[in-house]
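For reference, the structure is listed below as C-alpha cells.
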Amino acid sequence: MLPLPLPLTPLRPIALIATLAAVALLLPGCAATVVKPLPTMACPVAPELLVARCAAPAPVADGINYGQALQIAQQDRKALADCAAREGALVRSVLACQQAIERYNQALAESERAINAPR
C-alpha cells in the first residue's frame, strides 16, 4: 500500500513553489556549455597622431623682400609636408583598425556558427 501524501497546509504550497523555483534556477547549471572567449580588440592608433594638429600658414608681412618670402614659403611647404605625413599615418592606422574590426567580426561569426550548429 502506498503512503498517503501529507495534507496541504498553508505553508506546504509555499515550500513546494520555493523548491520548484530553486530546481528551475539550478537546472541550467547542469548543461555543458563551453564559451570560448574572444580576444580583446584594440585599434592601433597612436595617441600623438590624434592630438597633433597641422601648423597654420606663416603670416606674410607687408614690405618683406623676396628672400624672406621664399623662406616663409619653404617653412609653409615643410609644415604642409609634415601635416600630410601625419595624415597618411592616421589613415594607415584607421585602415589597420578597420581590418582588426573585420577580423574580430569574422571570429565572432565563426563562433556563433559553431555554437548554433546542429548537433
Cβ-defined net charge surrounding residue 94, 14 Å radius [Lys, Arg +1; Asp, Glu -1]: 0
Approximate spin-label separation residue 97-residue 112, in nm, with each point projected 7 Å along Cα-to-Cβ: 2.3
Residue-normalised accessible area of the stretch 80-119, given per residue in Å² at a 1.4 Å probe: 78
In Hz, Karplus ³J(HN,Hα) per residue of the stretch 68-78 (6.51, -1.76, 1.60; θ = phi - 60°; x = Gly, Pro): 5, 5, 5, 5, 5, 5, 5, 5, 5, 5, 5
Share of carbon and sulfur in the accessible heavy-atom surface of the stretch 49-116 [1.4 Å probe, %]: 58
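The values are calculated or read from the model by the stated rules, or taken from the named source; none is laboratory data. The shown structure was predicted, so the numbers you read here are calculated from the model rather than taken from an experiment. Cβ sites come from the backbone with ideal geometry, for glycine too, and all protein chains shown count toward neighbours. Side chains included, ligands, DNA and RNA excluded: accessible areas come from the protein's heavy atoms. Shrake-Rupley method; radii C 1.70, N 1.55, O 1.52, S 1.80 Å.
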